[in-house]
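The values are calculated or read from the model by the stated rules, or taken from the named source; none is laboratory data. Small disclaimer: the values here were computed from a predicted structure and weren't measured. Here the Cβ positions follow ideal geometry from the backbone for every residue, glycine too, while neighbour counts run over all protein chains shown.
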Amino acid sequence: MGKQSTKRSQRVLLIPGPFQGHITPMLELGTTLHSKGFSITVAHTIFNSPNPSNHPDFVFLPLSDNLSGADISSRSLIALMKTINTNCQVPLRESLAQIMENPEPYDQVVCIIYDTIMPFAEAVANHLQLPSIILRTNSVSATIAYESLPRLQAAGYIPLQDYMLQDLVPGLQPLRFKDLPISKFGTLKESLEMIADISHIGTSSAIIWNSVDCLEPSALAQLKQHSQVPLFTIGPLHKMAPASSTSLIREDTNCTAWLDKQAPDSVIYVSLGSLALMDEKELAETAWGLANSGQPFLWVVRPGSVHGSEWIENLPEGFKEAIEQKGHIVKWAPQREVLSHGAVGVFWSHCGWNSTLESICEGVPMICKPYSGDQKVNARYLTEVWKVGLPLEGVLERGEIERAIRRLLVDKEGEEMRQRATDMREKLKLSLKRDGSSNNSLNDLTEFILSLQL
Ligand code: UDX
């Protein structure tokens, strides 16, 4: 991607959502826009602050979020986001007003790009008469599903009843009611209120998606039909910009040496992202499913991700032998490096949108076990539309896990799915090329941002 002649004096202010799956795509968008000549400031919460030293070209502006330990540990994620949106509004308005009055050493801010879960930024932009643009870190299809929830509630489908979970949702095929992105992280009322907040475009001038036209053409066409503002699909963002670490947790890079010793396409890589939680029974079933599959496994167990455990101290007796023979467990992996390693044959994932994009970009088929929100929509697309993943539904059970792993790593079915995943990878690569859809969309976005100040 060639640099454009945009002068560095045009500064874009980015406001990421304060979670790994949100910070990463926003910082990547920053790197991408920087490569187009814009200067970048990142205004971020103190909670889950990104590491400025990984981005020496950016200016970082911490926003006082006034969160107490109790806010962070005991509240639902939705309630936490509400507090952040309330507490950060004044600090952002004041810092930005100051920057705009005295542009030195900062230069002129031409627009604010904010994560859709940080809608307070739109109010601030409005107040300061600055243009704003929304970044959606989930898929276009998930957005449509989110925005359909009020309609489904008004039609009496929500709250969901058990008998309807397997039925297709009118107007949202191939989604079933059980795939709707209703969050586990708060009450239904909180979830619907949050969706109303994040669906509110207000005075924002455009929406950016970390997605690719060829992945979800009909969802995109549907959205374009109704949208009042331009839409830019410029993903996968991690392939648009040169890599620099965006990780909030230290990555254990030793696992690549372990992968180097494994046969090609033989390893199952297991990771549930930065937020999903499991209980001890699920931990034990996962452990035995992995061990009984007989395949080598690289398993990320995030500290604090198992209810009632610090880390892996409650793994079942006898499983340690399986680890010594076949496995490797880490607290956090360099996931992209892992997925691009030739030894990795399957990714067992919670189907967060970043993990989904990272896996399909490397042509790695998936075992899909979504936990909450948009992950369920992504899992349905992976298994039913793109057909590069096997679903793991219902209660986690060792026999089913073992069968799913063997179907993908040992049986012919796995070969076919790997071929489809490889084909998909090649299609995505084309979107990044000179005349590819994401590259064109990025050029359009650059022009659009420059036009905002005219
Ligand atoms: C959440 C939602 O699940 C996701 O769908 C939404 O769009 C953003 O917020 P998260 O659950 O953390 O994010 O999942 P995901 O979107 O997959 O992001 C996780 C990120 O952490 C990925 O970029 C992945 O590469 C990284 N990761 C994960 C690591 O670097 N190392 C690990 O060991 C695990």
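The residues in region 360-375 that are part of a helix (DSSP H, G or I), surrounded by 24 or more Cβ atoms within 10 Å (Cβ to Cβ) and either on the phi > 0 side of the Ramachandran plot or over 12 Å from the mean Cα position of the chain (by Cα) (or both) can be counted, and the count is 1.
Identify all residues within region 309-358 that are in a helix (DSSP H, G or I) and touching a Lys or Arg at 6+ places or on another chain (Cβ under 7 Å); write none if there are none.
At the first step, the residues of region 309-358 found to be in a helix (DSSP H, G or I) are 319-326, 335-339, 353-358.
The answer is E358, and nothing else.
One residue alone among L172, L160 is modelled with pLDDT of 95 or more and hydrophobic (A, V, I, L, M, F, W, C), and that residue is L172.
The single residue among E416, E397, E384 that is over 23 Å from the mean Cα position of the chain (by Cα) and closer than 27 Å to I182 by Cα turns out to be E397.
Pairs under 9 Å by beta carbon, first residue part of a helix (DSSP H, G or I) in region 63-79, partner of a type in the set (A, V, I, L, M), six or more apart or different chains? If the second residue must be of a type in the set (A, V, I, L, M), the pairs left are D71/A79; D71/L80; D71/I84; I72/L80; L77/L275; I78/M194.
Test of understanding: among G394, G399, which residue is more than 23 Å from Y146 (Cα to Cα) and surrounded by fewer than 21 Cβ atoms within 10 Å (Cβ to Cβ)?
Every option except G399 fails the conditions.
If you check Q129, Q153, Q166, Q108, which single one turns out to be within 18 Å of S372 (Cα to Cα), of a type in the set (S, T, N, Q) and more than 16 Å from the ligand (Cβ to nearest atom)?
The unique qualifying residue is Q166.
Criterion first (modelled with pLDDT of 95 or more, in a helix (DSSP H, G or I) and buried (at least 21 other Cβ atoms within 10 Å of the Cβ)) does I405 satisfy it?
Judged against the criteria, I405 is a match.
Where helices (runs of 4 or more DSSP H) fall entirely within region 201-297, those with at least 1 residues that are at pLDDT 95 or above and either under 30 Å from D57 (Cα atoms) or in contact with a strand residue (DSSP E or B) (Cβ under 6 Å, 6 or more places away or on another chain) (or both) are at 237-240, 255-260, 280-293. Taking every residue in region 340-353 that is farther than 25 Å from K376 by Cβ and within 12 Å of the ligand (Cβ to nearest atom) and pairing it with any residue that is at pLDDT 95 or above and in a loop (DSSP other than H, G, I, E, B), at least 6 positions away or on another chain, the pairs with Cβ-Cβ distances below 6 Å are S340/E362.
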